[in-house]
Structures are given as structure tokens and as C-alpha cells.
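I have placed the structure first, in the form of C-alpha cells, so that the comments after it can refer back to it.
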Amino acid sequence: MILQINGEPRSFPDPASPAQFMLAALVEALDMKSDRVAIELNREIVPRDLWSQTPLKDGDHLEIVHFVGGGSYVLKERGFQPRRTAAKQAAALAPAGHALF
């Protein structure tokens, strides 16, 4: 089975019939933490609670976003700063005394 993942073709073994390759099994096969992933299957976002019920087919297109935390003590100690969030950037640009949100 060939799946398009983030624009790249990836090959996976076809499951023995009647078994199906479910979205939850893909996340596990890719060694991703399910609580840090969002998945779009054929242009539709799939809620996490439906992953175990969502079969994948040859040719499916998936976009997978893996969320990561920012910064670490060692990097900060060496002078590297995490990027500002969009809200902090917007607040820095706002006129004094004006709330943006």
C-alpha cells in the first residue's frame, strides 16, 4: 500500500484480508505520540477519537502535523531564545495602552 504523507510517497505492507490498516496503526508505525499529532486524510481533519475506526486505502493523501514544545534549559543558558508567539509579537507592535484581544 502506498500512502502520500506530507507530499511524499510511503510504502506500507498490505494488511491480510479482512484486516484493514487503520489510521491509529499508522501513527504507531511512524512512532509518533498521538497526543501531539493532528492528521488530515484526503483533505478532511480526522478527530483523534476516530483514528482507530478510520481505514486507510492505497493512494490516500495524509498531512500530518507533529507538535513540539519550544526551548530547553541548555539552549536558553547559551543565549538562544525561543521564538515569540504571534500574540506576543502582535502585542509588541500594538500602540501603548491598546488591547488587541
Q | Approximate spin-label separation Val46-Asp14, in nm, with each point projected 7 Å along Cα-to-Cβ | A | 1.9 nm
Q: Please report the relative contact order for region 2-66, taking Cα pairs under 8 Å with a sequence separation of at least 6, and give it as a percent rounded to a whole number.
A: 47 percent
**Q.** Square roots of five times the Cα gyration tensor eigenvalues for region 2-66, Å
**A.** 17, 14, 11
(Q) Quick check: net charge around Trp51, other residues with Cβ under 12 Å of its Cβ, Lys/Arg +1 and Asp/Glu -1? (A) -2
Q: Can you figure out the FRET efficiency of Ala24 with Ile2, using R₀ = 22 Å and their beta-carbon distance, to the nearest 0.05?
A: 0.70
Q | Other-chain or far-sequence residues with amide H under 5 Å of Asp60's (modelled H) | A | Gln4
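Readers should treat all values here as calculations from the given coordinates under stated rules, not as data from a laboratory. In this text the structure is predicted, and so the values were computed from the model without any measurement. Note that each Cβ is placed from the backbone with ideal geometry, even for glycine, and that neighbours are counted across all protein chains shown.
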